[in-house]
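Q: Let me give you the structure first, and then I'll get to my questions.
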Amino acid sequence: MTYHRIEVTPIAGALGAEIAGVDLSAPLDNSTAEEIHRAFLAHHVVVFRDQTLTPTQQVAFGRQFGTPNEYPFVEGLAEAPEVIEILKAEGDTRNFGGLWHSDTSYLPRPPLGTLLYAREVPAAGGDTLFANARLAYETLSAGMQALLAGLRGVNSAALRYAGGRRDAAAGNSEMKAKGVERADALEAIHPIVRTHPETGQKSLYLNGAHTMRFEGMTEAESKPLIDYLCAHIARPEFTCRVRWAADTLVVWDNRATHHYALNDYHGHRRRMHRLTIEGDVPR
Ligand code: SIN
């Protein structure tokens with residue numbers, strides 16, 4: 001794939017690329033925006049280093065991908081309500097997103113992508129792992145693919161949303177929780193194998209954070225296969241790992257990836273600005 005406006009360097013065999021040569025705080029010309037979008041679809045996770053972005057500028061860049069939406073369980077920033085602050089303070093032990101998941105899959109229209117911008121990071125630790133759910137699907141046997149073709153998953157915010165952040169006030173002392181009582185009410189049924197609306201590629205779409213069971217089956221009946229598929233998605237050869245620095249922005253495609261925020265930095269502070277972009281109904 002050829003790029004003229006940006007430099008694109010893959011960071012792993014499975015997915016992920018660093019993009020250099022662009023300043024995201026300023027409006028992008030059409031060619032640069034098109035190349036970034038092409039790299040995003042090809043690599044599923046794109047990493048921009050040394051960006052200086054206010055929340056408003058983060059939202060403006062997010063609009064290149066679609067319409068920003070609001071996260072249901074954390075108050076947005078005053079400057080940009082679509083942006084939430086994810087903050088693990090020095091005394092906290094819980095982190096946000098500390099298990100494999102695709103963002104808010106309990107919504108009828110889960111976000112197509114997420115833009116996460118690092119404001120403060122620990123000297124070491126706090127990396128984010130990503131897994132390529134398309135590769136995970138493509139490496140299943142034909143028999144398993146045929147079995148999954150007919151299955152839909154029941155996704156609920158009440159299972160373990162955002163890594164157990166139901167008691168966010170206790171777990172993340174400085175985050176501003178909202179709407180916690182709505183967790184049971186947020187449920188959506190989506191195909192276990194979804195087709196990417198832009199690339200036509202199929203990927204596995206279920207996760208241990210939100211997928212409680214298969215439609216028409218009990219949790220006990222569903223669990224062994226859900227567990228198998230979640231372990232399959234997280235196979236090391238399907239993953240990449242992003243090491244954060246302050247002023248790094250990462251954009252990932254929730255339609256083709258899963259991610260996991262590592263919680264290996266107790267005693268240190270990590271503060272991120274997170275924005276999601278509205279997606280379509282998974283099919
Ligand atoms: C998330 O799951 O959205 C947050 C990931 C992270 O903080 O690395």
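Q: How much length, in nm to one decimal, is gained on full extension between residue 198 and residue 280, taken as 0.36 nm per residue of separation minus their Cα-Cα distance?
A: Contour length minus the Cα-Cα distance gives 28.4 nm.
Q: Using the 2.2 N^0.38 Å rule of thumb for compact globular proteins, work out how the stretch 55-95 stacks up: its C-alpha Rg over that value, please.
A: 1.36
Q: Measuring from label point to label point, each 7 Å out along Cα→Cβ, what is the residue 227 to residue 2 span in nm?
A: Placing both labels 7 Å along Cα→Cβ, they lie 5.2 nm apart.
Q: Further question: Taking N as the number of residues in the stretch 7-277, what value does Rg over Cα atoms divided by 2.2 N^0.38 Å take?
A: With N residues counted in the stretch 7-277, Rg over 2.2 N^0.38 Å equals 0.96.
Q: So what's the net charge close to residue 25: Lys and Arg +1, Asp and Glu -1, counting the other residues with Cβ under 13 Å from its Cβ?
A: Overall, the nearby charge balance is -3.
Q: Between the stretch 1-58 and the stretch 117-143, what is the separation of their alpha carbon centroids in Å?
A: Measuring centre to centre over Cα atoms gives 18 Å.
Q: Please work out the FRET efficiency for the pair residue 218 and residue 262, using the Cβ-Cβ distance as r and a Förster radius of 41 Å; give the result to the nearest 0.05.
A: Details: r = 33 Å, r/R0 = 0.79.
According to the calculation, E is roughly 0.80.
Q: For Cα pairs less than 8 Å apart in space and 6+ apart in sequence, what is the mean separation divided by the residue count of the chain, i.e. the relative contact order in percent?
A: Relative CO of the chain lands at 35 percent.
Q: Within a Cβ distance under 13 Å of residue 80, other residues only, what is the Lys/Arg minus Asp/Glu net charge? Mind dumping the intermediate values first?
A: Values: positive: 63, 274; negative: 70, 75, 79, 82, 85.
Around residue 80, the charge tally is -3.
Q: Turning to a different aspect of this structure: Suppose only helical runs count, i.e. DSSP H with n ≥ 4. What mean residue ellipticity at 222 nm does that imply for the chain under -39500 (n - 2.57) per run, divided by all residues and rounded to the nearest 500 deg cm²/dmol? Mind dumping the intermediate values first?
A: Numbers: 6 runs with 55 residues, N = 283.
It lands at -5500 deg cm²/dmol.
Q: Once you list every other residue whose beta carbon is under 15 Å from the beta carbon of residue 193, what net charge do they have if Lys and Arg are +1 and Asp and Glu are -1?
A: Combined, the nearby Lys, Arg, Asp and Glu give +4.
Q: To continue, here is another question. Pick out, from 200, 216, 256, the residue whose Cα sits farthest towards the positive end of the charge dipole of the stretch 7-277, with +1 on the Cβ of Lys and Arg and -1 on the Cβ of Asp and Glu.
A: Checked the options; the winner is 216.
Q: Let me ask you something else. Mind putting a number on the dipole of the chain about its Cα centre? Charges go on the C-beta only, +1 for Lys and Arg and -1 for Asp and Glu, and I need it in Debye to the nearest 20.
A: So the dipole magnitude of the chain works out to roughly 460 debye.
Rule-based calculations on the coordinates, nothing more; no lab input. Because the structure is predicted, anything quoted here is derived from the model rather than measured. Neighbour counts are summed over all protein chains in view; Cβ atoms, including those assigned to glycine, are modelled from backbone coordinates with ideal geometry.
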